[in-house]
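The values are calculated or read from the model by the stated rules, or taken from the named source; none is laboratory data. Fair warning: this is a prediction, and the values are worked out from it, not measured in the lab. Cβ placement follows ideal geometry from the backbone for every residue including glycine, while neighbour counts extend to all protein chains displayed.
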Amino acid sequence: MNWYYTLLDAGAVLFCLIFLRYTWYRMRFFLHTYQQVGYKNNEFWQWMKSHWDEKVIPANIAVLNVFIFIFIWFDGWFLDTFTYSSLAVFFFVVSYFWFGSVSNYKPEKVKKPLVFTPRVIRLMIPYVLFCSFFPVLFTYLGFTGMLPFLDVQLPNYFSGLQRFDLTILVFGWAFGAMIVPFFLFVAGLITKPIEHFIQNGFKKQARRKLASMPDLKVIAITGSYGKTSTKFMIRDLLKERFNVCSTPGSYNTPMGICKVINNDLQSHHQILILEMGARYEGNIQELCDIAKPDISVVTNVGVAHLETFGSQDVIAREKGTLVDNLVAGDTAILNADDPRVSKMGAGRAEITRILAGLNSGEIHGSNILYDTSGMEFDVEIEGETERFQTQLLGAHNVQNLLLAVGVAHHFGLRLKTMALAAAKIEPVEHRLELKKQGDLYVIDDAFNSNPVGAKNAVEILSQFNSGQRIIITPGMVELGEIEEEENRKFGETIGKANLDLVVLVGEERAKPILEGIKSFDSTAMNVRLVNTLFEANELVQKHARAGDIILYENDLPDVYNE
């Protein structure tokens, strides 16, 4: 029978290898999720709570741990009823079928893969050490029965006729795999002081560099929506006359701003344009402490990140911090049509306030027309009117461009010069970006959908008549208590638009949108539900014909897939 026990020993080794692979993919998956939520423990915990049964402690891990704890508690009864070898076979077979597949933690496609940045590598050191502790220690104990480094035999060590203790071996891997995501919290807390030290070093470097350039003008943009679009519009108007440095994409965090200042800002630059984002109170002040603005631009106060701020009044106070940081002689360019924004800096005679809007303000836009080539509109300032043409779409982009006109006017650019520059402005990637893909038109509005922008995008789509009008959307997130209601209103907007095909991503997330659609039209529109963007694309490929136009409204990170 030696061959039988040798086979059991081989089974024990295979068991360890299966669990090693399973644990590694679990570790990698949760690390990827942690990166996507910005290394924020609170937001990671919220994600864990919403995916508890599916990802955090799924049925296979829960049941195996229950099995092993029952076995430990009632080991006498088990050993009287079953042979030790038969129990070993049972645990090995169960492990093979339950943990041989890692598909739950290895999606075939991801929109944004895990990036092994220096921060991730620093985080991985304690994370891997903690995750390895139980499996490594209990594998050693299970196969040797000796306490490591002490050469002391374990009390009650029982290997039977095998060369391992089944209880110790299975417990170490099953329990170790279960608590993997919780070790990220510990690793995050351990590395937090290190990250603060590194970040403070980058901040000091950025402040020193700005101090060495006293003639540099700093323009800072904030708002709930439209920050990035407005930033690029300001850049494209000002670069007609000035050497301009600006943050790329959505670089609006302390480290994103420091990276641009430390690496990209050069001595010949005259103007630095920074986008300043906020998810929590105090974020704007932290950014202003790095780079104090000379010109503050506030696009609007909406409901983005309402979940973390609590109310629009708190959001307005946070955005208003950008204006509060202005000193005598500085300038604020404000959205005249937003009542919260238009009040910012009121009563401060020592600063200049310039209001721009579609309905009011010193800088005024009107007569908007748009089609598949873009849009055109009139801009009036100080009695002078100029017709602007641009590739951009949407009335909210007109509002953003009016703010950019306000900045350019402050720097002395002529309105005609601005109109020529505006004609060359290209849409910001994933923000109402009109593209032609083969025989299809695509409106890519995939980045950070919000109630105002989502409504505008659907209304724009409804005005096309080149073919079928199709929308793919998962709705909106991070709106706190009003999220369900706003998604229901979004559904009503879709219902009014009477589109040809509506593809909703996420059956649970789509419920309020579906309710809104059905409140207007429960039969005519073709509404389909899928669980991922990839399924949505496959569905549309089967239905789309030449000339159709497809709107991608919001594209959530992989952590929101259902």
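Against the definition (under 24 Å from His305 (Cα atoms), assigned by TED's automatic domain parsing to the domain that holds Asp338 and of a type in the set (S, T, N, Q)), how does Asn456 come out, yes or no? Step through it out loud before you land on a result.
Values: under 24 Å from His305 (Cα atoms): yes; assigned by TED's automatic domain parsing to the domain that holds Asp338: no; of a type in the set (S, T, N, Q): yes.
In short, no.
In the set Leu392, Leu355, which member is in contact with a Pro (Cβ under 6 Å, 6 or more places away or on another chain), farther than 23 Å from Glu286 by Cα and of a type in the set (A, V, I, L, M, F, W, C)?
Residue meeting the stated conditions: Leu392.
Quick check on Phe69: is it of a type in the set (Phe, Trp, Tyr), under 25 Å from Phe29 (Cα atoms), at pLDDT below 90 and part of a helix (DSSP H, G or I)? Let's see the steps before the verdict.
Details: of a type in the set (Phe, Trp, Tyr): yes; under 25 Å from Phe29 (Cα atoms): no; at pLDDT below 90: yes; part of a helix (DSSP H, G or I): yes.
Considered against the rule, which asks whether it is of a type in the set (Phe, Trp, Tyr), under 25 Å from Phe29 (Cα atoms), at pLDDT below 90 and part of a helix (DSSP H, G or I), Phe69 comes out as no.
Table: residues versus (1) surrounded by 15 or more Cβ atoms within 10 Å (Cβ to Cβ); (2) farther than 30 Å from Pro58 by Cα; (3) in the same structural domain as Cys258 (by TED's automatic domain parsing).
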site	(1), (2), (3)
Pro118	no, yes, no
Phe133	no, no, no
Phe149	no, yes, no
Leu166	yes, no, no
Gly172	yes, no, no
Phe202	yes, yes, no
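Quick grid of which residues meet (1) under 21 Å from the mean Cα position of the chain (by Cα); (2) modelled with pLDDT of 85 or more:
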position	(1), (2)
Phe464	no, no
Gln468	no, yes
Val477	yes, no
Ala497	no, yes
Val502	no, yes
Val505	yes, yes
Leu514	no, yes
Val527	no, yes
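Can you go through Tyr39, Tyr34 and tell me which one is within 34 Å of the chain's Cα centre (by Cα), in contact (Cβ under 8 Å) with a residue 60 or more places away in the chain and not in a helix (DSSP H, G or I)? Break it down stepwise before answering.
Working: Tyr34 fails: not in a helix (DSSP H, G or I).
None of the other options fit; the residue is Tyr39.
From the list Gly361, Gly310, exactly one residue is modelled with pLDDT under 90 and not hydrophobic (A, V, I, L, M, F, W, C). Which is it?
Details: Gly361 fails: modelled with pLDDT under 90.
Unique residue meeting the criteria: Gly310.
Can you name every residue in region 358-374 that is surrounded by 14 or more Cβ atoms within 10 Å (Cβ to Cβ) and touching a strand residue (DSSP E or B) at 6+ places or on another chain (Cβ under 6 Å)?
Leu358, Gly361, Glu362, Ile363, His364, Gly365, Ile368, Gly374
Can you tell me which of (1) aromatic (Phe, Trp, Tyr); (2) assigned by TED's automatic domain parsing to the domain that holds Phe92; (3) touching a helix residue (DSSP H, G or I) at 6+ places or on another chain (Cβ under 8 Å) is the one Phe182 doesn't meet?
(3)
From (1) part of a helix (DSSP H, G or I); (2) in contact (Cβ under 8 Å) with a residue 60 or more places away in the chain; (3) of a type in the set (Gly, Ala, Ser), pick out the condition that doesn't hold for Gly201.
Every condition holds for Gly201 apart from (2).
Have a look at Phe90, Phe97, Phe44, Phe130 and point out the one that is modelled with pLDDT under 85, part of a helix (DSSP H, G or I) and hydrophobic (A, V, I, L, M, F, W, C).
On the way: Phe97 fails: modelled with pLDDT under 85; Phe44 fails: modelled with pLDDT under 85; Phe130 fails: modelled with pLDDT under 85.
Residue meeting the stated conditions: Phe90.
I'd like to check which helices (runs of 4 or more DSSP H) are fully inside region 408-525 and have at least 1 residues that are in contact with a Pro (Cβ under 8 Å, 6 or more places away or on another chain) and farther than 29 Å from Ile368 by Cα.
Helices (runs of 4 or more DSSP H) meeting the threshold: 483-497.
Kindly indicate whether any position in region 181-198 is touching a residue at least 12 places away in the same chain (Cβ under 8 Å), surrounded by 15 or more Cβ atoms within 10 Å (Cβ to Cβ) and in a loop (DSSP other than H, G, I, E, B).
No.
Go over the candidates Thr390, Thr385 one by one and state the one that is at negative phi, crowded, with 19+ Cβ neighbours inside 10 Å and of a type in the set (Ser, Thr, Tyr). Explain how you work it out, then say what you get.
Values: Thr385 fails: crowded, with 19+ Cβ neighbours inside 10 Å.
From the options Thr390, Thr385, the qualifying one is Thr390.
In the set Lys542, Lys511, which member is in contact with an Asp or Glu (Cβ under 9 Å, 6 or more places away or on another chain), surrounded by fewer than 20 Cβ atoms within 10 Å (Cβ to Cβ) and free of Cβ contacts under 8 Å to residues at least 24 places away in the same chain?
Lys511
If we scan region 377-398, do we find a residue that is assigned to a helix (DSSP H, G or I), in contact with a Ser or Thr (Cβ under 8 Å, 6 or more places away or on another chain) and assigned by TED's automatic domain parsing to the domain that holds Thr331? Full working, then the answer.
Our first condition is that a residue be assigned to a helix (DSSP H, G or I); within region 377-398, this holds for 395-398.
Filter once more, keeping what is in contact with a Ser or Thr (Cβ under 8 Å, 6 or more places away or on another chain): 397.
If we keep only those that are assigned by TED's automatic domain parsing to the domain that holds Thr331 as well, we get 397.
Yes, some residue in region 377-398 is assigned to a helix (DSSP H, G or I), in contact with a Ser or Thr (Cβ under 8 Å, 6 or more places away or on another chain) and assigned by TED's automatic domain parsing to the domain that holds Thr331.
Which one of these is touching a residue at least 24 places away in the same chain (Cβ under 8 Å), part of a strand (DSSP E or B), farther than 21 Å from Lys217 by Cβ and of a type outside the set (S, T, N, Q): Gly361, Gly365? Let's see the steps before the verdict.
On the way: Gly361 fails: part of a strand (DSSP E or B).
On inspection, the qualifying residue turns out to be Gly365.
Results for (1) in a loop (DSSP other than H, G, I, E, B); (2) in contact (Cβ under 8 Å) with a residue 40 or more places away in the chain; (3) buried (at least 24 other Cβ atoms within 10 Å of the Cβ), shown as yes or no for each residue.
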residue	(1), (2), (3)
Gln285	no, yes, no
Val297	no, yes, yes
Gly302	yes, yes, no
Thr308	no, yes, no
Val314	no, no, no
Gly320	no, no, no
Gly329	yes, no, no
Ile333	no, yes, yes
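So Val405 passes all but one of these: (1) at pLDDT below 95; (2) surrounded by 22 or more Cβ atoms within 10 Å (Cβ to Cβ). Which condition number does it fail?
With respect to (1) at pLDDT below 95; (2) surrounded by 22 or more Cβ atoms within 10 Å (Cβ to Cβ), Val405 is out only on (1).
For Asn243, which of the numbered conditions (1) modelled with pLDDT of 95 or more; (2) touching a Pro at 6+ places or on another chain (Cβ under 6 Å); (3) of a type outside the set (D, E, K, R) fails to hold?
(2)
Being farther than 28 Å from Pro339 by Cα and of a type in the set (A, V, I, L, M) narrows it down to one of Ile273, Ile219, Ile190, so name that one.
Ile190
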